[in-house]
Amino acid sequence: MNEARLSPQAARDLEELHRHIAADNPASAAQVRTAILDLADFLTQHPGLGRRISGPGKRHAQIRWLVVTSYRNHLVFFQPHEKSIMVVRILHAARDWTRFFPASPS
């Protein structure tokens with residue numbers, strides 16, 4: 001089975017998320033991290049899942065996103081590739097993720 005790749009920014013996102021949760025509950029932090037990585041690996045087998053970003057700029061035209069099923073406050077943004085995916089961001093649902101993927105100019 002192919003493993004998903006994480007961009008440097010996605011790796012930082014995951015580490016920041018883990019550190020934030022671990023401050024209160026290390027076991028939960030590990031569970032969230034595992035759920036996110038498992039979802040990313042699942043997406044390598046099903047890269048058509050998720051939704052495309054609405055009206056993206058050319059740079060982000062192929063980016064898709066999916067909610068982490070067990071932890072619905074977290075979103076995984078990824079770009080499908082031929083034999084894998086690249087996770088580009090991992091964001092909390094409360095964040096304005098549109099600022100990370102700006103729309104194309106009208």
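Computed from the coordinates by the stated procedures, all read-outs in this text should not be read as laboratory data. Note that the structure is a prediction, hence the values are computed from the model and not measured. Neighbour counts run over all protein chains shown; Cβ positions are idealised from the backbone, glycine included.
General observations
- At R0 = 22 Å, FRET efficiency that the Cβ-Cβ distance of ALA94 and SER28 yields, to 0.05: 0.80
- Length-normalised contact order for the chain - Cα pairs under 8 Å, 6+ apart - percent: 30 percent
- Length added when fully stretched, PHE42-HIS81, from 0.36 nm per residue minus Cα-Cα: 12.7 nm
- Magnitude of the charge dipole for the range 5-92, about its Cα centre and with charges confined to Cβ atoms of Lys, Arg (+1) and Asp, Glu (-1), is about 420 debye.
- Where trypsin sites (Lys or Arg not before Pro) in DSSP loops with at most 12 other Cβ within 10 Å are excluded, longest remaining stretch of the chain: 1-71
- Residues PHE101, PHE42, sorted so that the one with the fewest Cβ neighbours within 10 Å comes first: PHE42, PHE101
- Rg over Rh for the chain works out to 0.97, both radii taken from alpha-carbon positions and Rh defined as the Kirkwood radius.
- Helix 26-45 and the longest principal axis of the C-alpha atoms of the chain enclose an angle of approximately 30°.
- Furthest towards positive pole of dipole, ILE85, ILE36, HIS18, structure part the chain, Cβ charges: ILE85
- Listing VAL88, VAL76 from fewest to most neighbouring C-beta atoms within 10 Å gives VAL88, VAL76.
- A straight chain from THR69 to GLN9 at 0.36 nm per residue would run longer than the Cα-Cα distance by 19.4 nm.
- Angle between the chain longest axis and helix 8-22 axis [Cα atoms, degrees, rounded to 10]: 30 degrees
- ARG51-GLU16 FRET efficiency (beta carbon distance; Förster radius 22 Å; 0.05 resolution): 0.40
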